[in-house]
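S.K.: Structure incoming, see below.
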Amino acid sequence: MASALGVTAVGMMTIGTAPVTADVMEVEYVYDYTCEGKLAPGTAGVDPTIEVQLTIPKTVYHGRSIQFGWNLVDSPTKPSFLNPGDFPAGGRVSAVGTVSVSGALNGTIQSLGAKDLGAIVAGKQFLLPEKLIGGSGIVEGSEIKVTPGPLKIDFTPAQTAPEINDASNHLANATAEPEHTQGPVKYSAGWTYSRDLTTTPPAEEWETGSLRDRNADVHWASGSGVWAEMEFFGTGVEFVAERYKQHGDMKVELHAEGKPMVSATAYPSKLPEAEGGAVAEKRRGQQVLWKSGDLPYGKHKIKVTSQVGTGQYAVIDGFNVISGDSSKSTPYFETICKPPTNAKVATVKVEKAPTPTPTATTPTPTPTRTPTVVPSTYYTTVPPHTATPKPTLTVTATVTPTRPTPTAPQVIVTPSGGAQTGEAPDENRSGAGLIGGGTAMVLASVVGGVALRRRRAAHSQGR
């Protein structure tokens, strides 16, 4: 894979659960990482590599954090990462990418990623996390130098205890195979496979309440020296078969990874030591005839070999694989990938964040509230005067107020049948009397005016 540089678009990035806006352009640096470990076995003379696309911002603002994104790309046609074995669903792959920083920040910054896995089959491409995300704390200074560092990838299998039966391995690749090579168990020549053991052996041979053979099938042999072996990943293993007086001894060998071989003998013809070890007169199914001690998590192998005598049989029902908690020991599948020695160093400028441009807004007019006038006590206690409407003489006159203008709001009340004086009428006065008096005053003024004009005329004629 050839190293190259590219530019990504502005967008959103996530650190943990807090979204961070990528305010500036980001640059994608592409590196070829060389890997070493059990997940990347490689081939003879060829170093396993993967492509690492490391996204680094060109600029970061004072008072903010710097974020990194890692994309891991393994070739789908010639993968460097391969499944190390057959594993049931429930495993998990995790990755940690590290960069070194100097300048405004000093130290290392890690980016994390993980992926849950389904059942996997040995030899197929191992799936890596698609994305790793990480970031720093608050940045202050002028610039940051970023150097790509190591990438660690680890696999934690599901913590299960699968039962390996001699008809099917109950794992990912449980497919039909030749009857003497069932799943991970490999049988030498000389074994016979028997299935559908629901009515045979007869019921009188079985101890009351005992379990029958697992999945109603077994492998059996009448000769000495035939063997079966199985490789497994885990922290322990159990050999499972029947206990019965006609079954001969079995030699057990454990080839634990990195440790000397352990050899022991299982006695299927006898009852457990806890029960005195007497001869098993009746059959007991699914008996653990031998169990390993606690082992460091790894890839181990168990082998059982027939040591039967004349008239005896060797029987294998299956094995139990114990996975334990691999996280308590050194991660067995840990694989380390390293960048090239001449990896390009990225420079990130630290700048002042731009001042946001204020947005002009049109003020919303405040509505004018009309005060509510509360009538005085007088007007609320005096009932309105009711009178029958009558013809009235309208007199237009200019009235000059003779009292100070009130400073408090006045209530204009026009009593029925009265003038607009602003005052209530006297209860004892009649509206008809006021009209009559006004009429008399007007007639007197008219009569007086006529008499005055006559006198002036007589005087001018010499009367």
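The values are calculated or read from the model by the stated rules, or taken from the named source; none is laboratory data. Computed from a predicted model, the values in this text were never measured in an experiment. Every residue, glycine as well, gets a Cβ built from its backbone with ideal geometry; the counts of neighbours run over all protein chains shown. The accessibility values were calculated without ligands, DNA or RNA, using every heavy atom of the protein model including side chains. Shrake-Rupley method; radii C 1.70, N 1.55, O 1.52, S 1.80 Å.
S.K.: Looking at this structure, is N83 of a type in the set (S, T, N, Q), modelled with pLDDT under 90 and under 24 Å from Y297 (Cα atoms)? Working first, answer last.
M.R.: Numbers: of a type in the set (S, T, N, Q): yes; modelled with pLDDT under 90: no; under 24 Å from Y297 (Cα atoms): yes.
The answer is no for N83.
S.K.: Here are some residues: A95, A114. Which one is closer than 29 Å to T147 by Cβ, open to solvent by less than 40 Å² (accessible area, probe 1.4 Å) and under 19 Å from the mean Cα position of the chain (by Cα)? Quick ask: steps written out before the conclusion?
M.R.: On the way: A114 fails: open to solvent by less than 40 Å² (accessible area, probe 1.4 Å).
It is A95.
S.K.: May I pose another question? I'd like to verify a number: residues in the range 311-331 that are farther than 12 Å from M250 by Cβ, among the β-branched types (V, I, T) and modelled with pLDDT of 95 or more, how many?
M.R.: Total meeting the criteria: 0.
S.K.: State the number of residues belonging to the range 209-223 that are open to solvent by 70 Å² or more (accessible area, probe 1.4 Å), touching a residue at least 24 places away in the same chain (Cβ under 8 Å) and more than 48 Å from the chain's Cα centre (by Cα). Give the steps one after another, and end with the answer.
M.R.: Kept after step one, since they are open to solvent by 70 Å² or more (accessible area, probe 1.4 Å), are these residues of the range 209-223: 209, 211-212, 215, 220, 222.
From the residues that got through so far, the ones that are touching a residue at least 24 places away in the same chain (Cβ under 8 Å) too are 211-212, 215, 220, 222.
Then drop every residue that is not more than 48 Å from the chain's Cα centre (by Cα), which leaves 220, 222.
Of the residues in that region, 2 qualify.
S.K.: From the residues in the range 313-350 that are open to solvent by 60 Å² or more (accessible area, probe 1.4 Å) and in contact (Cβ under 8 Å) with a residue 60 or more places away in the chain, which one is farthest from F87 (Cα to Cα)? Give the derivation first.
M.R.: First, pick out the residues of the range 313-350 that are open to solvent by 60 Å² or more (accessible area, probe 1.4 Å): 313, 327-328, 330, 334, 338, 341-342, 344-345, 349.
After this cut, where a residue has to be in contact (Cβ under 8 Å) with a residue 60 or more places away in the chain as well, the list is 313, 327, 334, 338, 344-345, 349.
Numbers: Y313: 33, S327: 16, E334: 16, K338: 27, K344: 39, V345: 40, K349: 47 Å.
The selected residue is K349.
S.K.: Follow-up. Which residue pairs have Cβ atoms closer than 9 Å, lie 6 or more positions apart in sequence or on different chains, and pair a first residue in the range 240-256 that is under 15 Å from W227 (Cα atoms) and basic (K, R) with a second residue that is open to solvent by less than 10 Å² (accessible area, probe 1.4 Å) and in a strand (DSSP E or B)?
M.R.: K251/A266; K251/V304; K251/S306
S.K.: Taking A353 as the residue in question, decide whether it is under 30 Å from S142 (Cβ atoms), at pLDDT 95 or above and either surrounded by 14 or more Cβ atoms within 10 Å (Cβ to Cβ) or not charged (D, E, K, R) (or both). Let's see the steps before the verdict.
M.R.: Details: under 30 Å from S142 (Cβ atoms): yes; at pLDDT 95 or above: no; either surrounded by 14 or more Cβ atoms within 10 Å (Cβ to Cβ) or not charged (D, E, K, R) (or both): yes.
So A353 does not fit the description; no.
S.K.: For the range 83-92, name all the residues that are under 20 Å from L151 (Cβ atoms) and open to solvent by less than 50 Å² (accessible area, probe 1.4 Å).
M.R.: The first filter runs over the range 83-92 and keeps only residues under 20 Å from L151 (Cβ atoms), leaving 83-84, 91-92.
Scanning the range 83-92 gives N83, P84, G91.
S.K.: Mind listing whichever residues of the range 27-75 are in a loop (DSSP other than H, G, I, E, B), more than 27 Å from F126 (Cβ to Cβ) and open to solvent by less than 40 Å² (accessible area, probe 1.4 Å)?
M.R.: Pass one, the range 27-75, residues in a loop (DSSP other than H, G, I, E, B): 38-39, 41-42, 44-45, 47-48, 58, 62-66, 74-75.
Next, only the ones that are more than 27 Å from F126 (Cβ to Cβ) stay: 58, 62-66.
Scanning the range 27-75 gives G63, S65, I66.
S.K.: Then there is this: Does the range 244-255 include one or more residues that are open to solvent by 30 Å² or more (accessible area, probe 1.4 Å) and under 27 Å from F87 (Cα atoms)? Before the answer, list the steps.
M.R.: In the first step, residues of the range 244-255 are kept if they are open to solvent by 30 Å² or more (accessible area, probe 1.4 Å); the result is 245-246, 249, 251, 255.
From what is left, the residues that are under 27 Å from F87 (Cα atoms) are 255.
So far as the range 244-255 goes, yes, one or more of its residues are open to solvent by 30 Å² or more (accessible area, probe 1.4 Å) and under 27 Å from F87 (Cα atoms).
S.K.: Still on this structure: Let me spell it out: the conditions are (1) surrounded by fewer than 21 Cβ atoms within 10 Å (Cβ to Cβ); (2) modelled with pLDDT of 95 or more; (3) among the polar types (S, T, N, Q); (4) within 52 Å of the chain's Cα centre (by Cα), and Q307 meets all of them except one. Which number is the exception?
M.R.: (4)
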